[in-house]
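*Asks:* I am attaching a structure below and will ask some questions about it afterwards.
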Amino acid sequence: MTAPDPTTLSGLELLRAGTLVTADFPHIGRLLGMETLTLEEGKVEFAITTKPDFGNPLGSLHGGVCATLLDSVMACAVHTTLPAGVGYSTLELKVNYIGAVKTDGVRLVATGTTIHVGRTTATAEGRVHDESGRLVAHGTTTCIILRGKP
């Protein structure tokens, strides 16, 4: 599959066109098995199911998995607000871990929402909940807006 053209589609259109929702296009979501639940302007939700390969040496979920989920939903929430031809990159990522997660098939849902989208920077917040609704991690991000550079 050919990647959608970022110069002709808004961020929301680009995401809806399959950037994260197809198994044919290489991306971090495919590697982790992310499922797209919500793609709205300023709000994104992705889900994954944990597996033993996501574990740390202690046998629980590696923190990088929740950090990747949060980075993905928060940055993509920013992306949904951008016009065609405008890109972004994460400048800063802050993650707080609330509790350990098992690696035996726990479904995690991450939600990212924008806080502020300006001309040169944007901020967003995110939360990761397990299948019982327990908050397991939350975070914030600052993204740089790259005008004319998708």
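Every number in this text was worked out from the coordinates using simple rules, so none of it is lab data. Computed from a predicted model, the values in this text were never measured in an experiment. Virtual Cβ from ideal backbone geometry, glycine too; neighbours counted across all protein chains shown.
*Asks:* Which residue, Leu135, Leu31, Leu108, tops the fluctuation ranking in a GNM of the chain built on C-alpha contacts under 10 Å?
*Replies:* Leu31
*Asks:* Using the count of nearby Cβ atoms within 10 Å as a rough guide to exposure, how do Ser60, Ser89, Ser72, Ser132 rank from fewest to most?
*Replies:* With the sparsest Cβ surroundings first, the list reads Ser132, Ser89, Ser60, Ser72.
*Asks:* With axes computed from alpha carbons, what is the tilt in degrees of helix 63-79 against the longest principal axis of the chain, rounded to the nearest 10 within 0 to 90?
*Replies:* That helix lies at roughly 20 degrees to the long axis.
*Asks:* Additional query: Quick one: 3J(HN,Hα) in Hz for the range 98-110, Karplus 6.51/-1.76/1.60 with θ = phi - 60°, rounded, Gly and Pro as x.
*Replies:* So the Karplus estimates, Gly and Pro as x, are 9, x, 6, 10, 6, 9, 9, x, 7, 7, 10, 10, 10 Hz.
*Asks:* Give me, ordered by chain and number, the residues 5 or more places off Thr80 or on other chains with an amide H under 5 Å from its own placed amide H.
*Replies:* Gly42
*Asks:* Please find, in a Gaussian network model of the chain (springs between Cα atoms separated by less than 10 Å), the residue of Gly126, Gly85, Gly59 whose mean-square fluctuation is greatest.
*Replies:* Maximum among the listed residues: Gly59.
*Asks:* Taking neighbour Cβ counts within 10 Å as the exposure measure, how do Lys43, Lys102 sort from fewest upward?
*Replies:* Neighbour counts put them in this order, fewest first: Lys102, Lys43.
*Asks:* Here is a follow-up. Can you pull the one-decimal nm distance between simple spin-label points at Arg30 and Lys94, each 7 Å off the Cα toward Cβ?
*Replies:* Result: 3.5 nm between the two label points.
*Asks:* What residue among Thr38, Thr114, Thr123 has the largest mean-square fluctuation in a Gaussian network model of the chain, using Cα springs under 10 Å?
*Replies:* Thr38
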